[in-house]
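All remarks here apply to the structure that follows.
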Amino acid sequence: MVTITIDRLTKVFDGGVVAVEDLSLEIGSGEFVALLGPTGCGKSTILRLVAGLEEPTTGRVLFDGEAPDERAATRQRVAMVFQDHALYPNLTVAQNIGFPLRLGAEPVGALADRVAEAAAQLGITDLLHRRPGRLSGGQRQRVALARAIVRRPHAFLLDEPLSNLDAGVRAELRTELSGLSRRLGVTTVYVTHDQVEAMTMADRVAVLRRGRLQQLGTPAQVYSDPTSLFVAAFLGTPRPGLFQGAVHVESARVLIDLGSQLLELSRDDPRTRELVGRHTERVTLAIRPDALTPVVGDTDSGAVLRGTVRSVEHLGHEALVHVDIGGVPTSVAESRLEHPDTGTHLADVLAEEPPSGHPFRHTLGRLIPHQRTSEPPATARTEYGFYPVYDPGPDGGQPPPGDLVVRVPAPVPPRPGAPMMLAVDLDRLLLFDRAGDRIRLD
């Protein structure tokens, strides 16, 4: 198997669209890495650059530390599986699977044995004499996977191979594909926008936004310890509630003001150490369902939010309860969850603060002037004595109210309109500063 090194890779298409920007990533031999991100974040372009189907603008891709030429790439046996199967309709399943071997000097007997072996691994032995038109979507994708593994590849590149399948088949193939990759010990790069696929299949997850690596880690690390607001907002089902707030420090307590209510911590609490120096500073709170517990009756805890049930989603074994706490939600622009239509343009890249020592943007940063916007004015005074600054809504006023989502056991969830109190686990509360960087309450 091979180690794949992506070294400061940048790809700019015609028209100045930046698909990948200064990406560095090392994928170990036999490792399964998922490239996860929203539509338009450059995932498929990265895969095509690794496969050699696109030429980078700057940077390079190395296999076992060497840049492959055409012959070296053949030796590496890089196999790619596409979203749309890409099967030959006039060939049988057996002929489709064996097609890559026909291009080489494989003996006929050995070719048949290899095809039978690959078909058995994917459970499609009884389909070998059919043509693709007589197969279901799941069967076609199994044929595409068998065609890839028949070459006994050293690297396996998968471009959203399950996205066109229905939920049941997708879940079944997800398990099979993950197990197959590990049985073969193949270095695997898997592109997906589905966080369930990434979190359940991969050894490590690379979270991407607009062609840039946001965070790399195990599924548990990127979920429980996000380094940025975008990663926290993007991961989780359902997604966390994102609310604007501000820090207010008093002699005996530290308050996190949500505008209509607050979370209170004692100054003696070691988790306040990072907050003490942020008096009146604006923050963003990300609150996931697993950080919330419904409570009944009075409580002395300062980490309780009160609200009204807005809607209930029944899931059978549990219900997702949406609670309006009267907070001001974080804007899409600040959470960075927007979905670009045509990719990131060079002007957008250069308008953001460049990372230190970034040669590509340092060179091009002189071409287009940076535009900076000032802070919006304070909009409201709270009863706690200071002015949090909130983002305006689409019409220039305050954004619409946001919800918290909490899981409750079935079969008797609260009804819409009912009051509800939620205890917040402060160890699972995620806070971020104005730049979207994590504020750790350690």
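Please verify whether A94 is at pLDDT 90 or above and assigned to a strand (DSSP E or B), treating the condition exactly as stated. It is false that A94 is at pLDDT 90 or above and assigned to a strand (DSSP E or B). Check off (1) in contact with a helix residue (DSSP H, G or I) (Cβ under 7 Å, 6 or more places away or on another chain); (2) surrounded by 18 or more Cβ atoms within 10 Å (Cβ to Cβ); (3) acidic (D, E) for E54 and give me the number that stays unchecked. Result: E54 fails condition (2) only.
Could you tell me which residue of the range 181-208 is surrounded by the fewest Cβ atoms within 10 Å (Cβ to Cβ), considering only residues that are out of contact with any strand residue (DSSP E or B) (no Cβ under 9 Å at 6 or more places or on another chain) and more than 30 Å from V17 (Cα to Cα)?
Residues of the range 181-208 that are out of contact with any strand residue (DSSP E or B) (no Cβ under 9 Å at 6 or more places or on another chain), as a first pass: 183, 185, 196, 200.
Cutting the leftovers down to more than 30 Å from V17 (Cα to Cα) gives us 183, 185, 200.
Values: R183: 10, G185: 12, T200: 14.
Out of the qualifying residues, it is R183.
Counting only residues that are in a strand (DSSP E or B) and surrounded by fewer than 21 Cβ atoms within 10 Å (Cβ to Cβ), the range 26-39 holds 1 of them.
In the range 42-82, the residue that is nearest to Y190 (Cα to Cα) out of those that are at pLDDT 90 or above and out of contact with any strand residue (DSSP E or B) (no Cβ under 7 Å at 6 or more places or on another chain) is R48. Against the test of being farther than 20 Å from G42 by Cβ and touching a Phe, Trp or Tyr at 6+ places or on another chain (Cβ under 8 Å), the options G236, G245 yield a single qualifying residue, G236.
Being within 22 Å of A34 (Cα to Cα), part of a strand (DSSP E or B) and out of contact with any helix residue (DSSP H, G or I) (no Cβ under 8 Å at 6 or more places or on another chain): is that true of A206 here? Yes. Cβ-Cβ below 6 Å, separation at least six or inter-chain, first residue in the range 266-292 and closer than 13 Å to S251 by Cα, second among the small types (G, A, S) and outside any strand (DSSP E or B): which pairs? Partner pairs satisfying both residue conditions: R267/A252.
All conditions in (1) crowded, with 19+ Cβ neighbours inside 10 Å; (2) more than 16 Å from the chain's Cα centre (by Cα) hold for G211, with the sole exception of (2).
The values are calculated or read from the model by the stated rules, or taken from the named source; none is laboratory data. All values derive from a computational prediction rather than experimental measurement. Neighbour counts are summed over all protein chains in view; Cβ atoms, including those assigned to glycine, are modelled from backbone coordinates with ideal geometry.
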